[in-house]
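Visitor: Before I ask anything, let me first share the structure, which is written out below as structure tokens.
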Amino acid sequence: MSNTYGPTVPAANQDLVLRFWGVRGSTPVSGPQYVEFGGSTPCLEVRCGQRMFIVDAGSGIYNLGQGHRTDLPREVDLLFSHLHLDHTAGLPFFKPAVLDCDRVINTYCGNLGGESAGPTLDRLFAPPLFPVTLDKLCCTFNHHGFEAGQTLTFPDGTRVDTIGLNHPQGSVGYRFEHGGRRLCLISDIEHSDPWPDPALADFVAGADLMVYDGMFTDGEYPTCRGWGHSTWQKGVELAQVAGVKALAIIHLHPAHSDTALRDMEADLQAEMPTAFIARESQSITVGAPRAVSRRASGRPAVAREVRRRVKVA
Ligand SMILES: [Zn+2]
Ligand SMILES: [Zn+2]
């Protein structure tokens with residue numbers, strides 16, 4: 001994986017590029033203990049060449065909207081893993097939705113038995129929970145529902161495979177293929193017993209990069225059973241059985257500080273050297289050689305500079 005923290009550069013047509021705009025699970029956090037990995041909740045940008053997808057609208061979508069006002073397509077495809085608050089609460093703060101009246105946002109939701117996200121978002125973003133409804137925003141929303149397991153085919157012919165995941169109210173995993181590379185996004189999920197689940201192993205088989213829910217460690221998990229999340233160790237087990245080449249851990253626990261996550265990453269890389277814990281603002285060209293410059297402390301040298309720039313933006 002090539003791995004940078006600078007502004008998103010236009011992808012070469014054959015590149016499959018992933019950018020993490022939010023990697024924290026459950027609730028946003030802030031403070032000096034979260035500077036390296038970030039505190040925004042899930043929002044990922046996937047670029048298949050010039051073709052863009054957004055996956056989830058956690059608080060990370062705010063910075064995505066700040067950075068991308070000029071190079072977003074007129075129609076934005078937003079795929080939801082599911083609709084829990086940490087994956088939806090940023091939506092009304094996505095500037096291209098608020099301010100750009102020619103913008104169309106197509107949402108895709110696959111964990112509600114075919115129902116779209118529309119009725120749920122209309123309940124969430126309405127007084128007295130929220131001051132305005134989404135139809136007051138300048139953009140136009142088109143909400144699409146599908147059944148997890150279906151392959152999504154978009155008007156330009158792009159196809160994205162999906163799979164249902166074990167999570168309260170369900171969740172959807174996505175598989176992107178472009179330029180001979182395969183990227184799988186597998187969050188939010190609680191692992192099964194026995195593990196790995198054969199259908200999931202088949203879905204992620206041979207992926208160049210799998211993004212996986214590592215909210216807990218195996219040591220923490222027994223007291224959090226049934227909460228719908230997994231561990232980095234289960235991500236490694238799945239990756240190794242399925243021949244996944246690299247693994248990125250997201251949905252980081254709000255209590256896991258930079259120090260804890262750096263220690264966790266050392267343990268993770270002892271098991272799987274190509275695995276890492278995702279950092280907010282990090283971009284990955286899937287399948288390209290990965291280079292992370294590190295200081296003696298283990299902290300990527302460039303991460304802090306980017307985070308400072310994001311804060312003043
Ligand atoms: Zn979540
Ligand atoms: Zn959830």
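Visitor: Under 8 Å for C-alpha pairs, at least 6 residues apart: give me the relative contact order for the stretch 104-229, rounded to a whole percent.
Guide: 19 percent
Visitor: For the chain, give the share of DSSP beta bridges that are antiparallel, in percent and rounded to the nearest 5; count only bridges with both residues there.
Guide: Expressed as a percentage, antiparallel bridges in the chain total about 50.
Visitor: While we're here: Please give every one of the aspartates and glutamates within straight-line cross-link reach of K245, meaning a C-alpha to C-alpha distance under 16 Å, and leave out same-chain neighbours fewer than 8 residues apart.
Guide: Hits, sequence-local ones excluded: E177, D202, D208, E237, E271.
Visitor: Something else about it: Give me Rg/Rg_expected for the stretch 93-176, where Rg uses Cα atoms only and Rg_expected = 2.2 N^0.38 Å with N residues.
Guide: Normalised Rg, Cα atoms only: 1.21.
Visitor: Moving on. For the chain, what relative contact order do you get, as a whole percent, if you take Cα pairs closer than 8 Å and at least 6 residues apart?
Guide: Normalised by residue count, the contact order of the chain is 21 percent.
Visitor: Please find, in a Gaussian network model of the chain (springs between Cα atoms separated by less than 10 Å), the residue of L238, L129, L64 whose mean-square fluctuation is greatest.
Guide: L129
Visitor: Now for a separate question. Considering only protein heavy atoms, what is the solvent-accessible area of S26 at a probe of 1.4 Å, reported in Å² to the nearest 10?
Guide: Near enough 60 Å² of accessible area.
Visitor: Right, something else. Give the accessible surface of the chain per residue, rounded to a whole number of Å², with probe radius 1.4 Å and ligands, DNA and RNA excluded.
Guide: Here the residues of the chain average 40 Å² of exposed surface.
Visitor: If you don't mind, there's one more thing I want to ask. Mind listing the lone cysteines of the chain, meaning no other Cys beta-carbon sits under 4.7 Å from theirs?
Guide: C43, C48, C109, C139, C184, C224
Visitor: Okay, next question. Using helices alone, I'd like the mean residue ellipticity at 222 nm for the chain: each DSSP H run of four-plus residues gives -39500 (n - 2.57), total over residue count, nearest 500.
Guide: When only DSSP H runs of four or more count, the value is -5500 deg cm²/dmol.
Visitor: What's the center-to-center distance, using Cα atoms, between the stretch 118-190 and the stretch 218-280 in Å?
Guide: When both Cα centres are located, 24 Å separates them.
Visitor: Would you calculate the convex hull of the Cα atoms in the chain and tell me its volume per residue in Å³?
Guide: Taking only Cα atoms, the chain has a hull volume of 128 Å³ per residue.
The values are calculated or read from the model by the stated rules, or taken from the named source; none is laboratory data. Keep in mind that what you see is a predicted model, and the values were worked out from it rather than measured. No Cβ is skipped: glycine too gets one built from the backbone with ideal geometry, and neighbour counts run over all protein chains shown. Note: areas computed on protein heavy atoms with side chains; ligands, DNA, RNA excluded. Shrake-Rupley method; radii C 1.70, N 1.55, O 1.52, S 1.80 Å.
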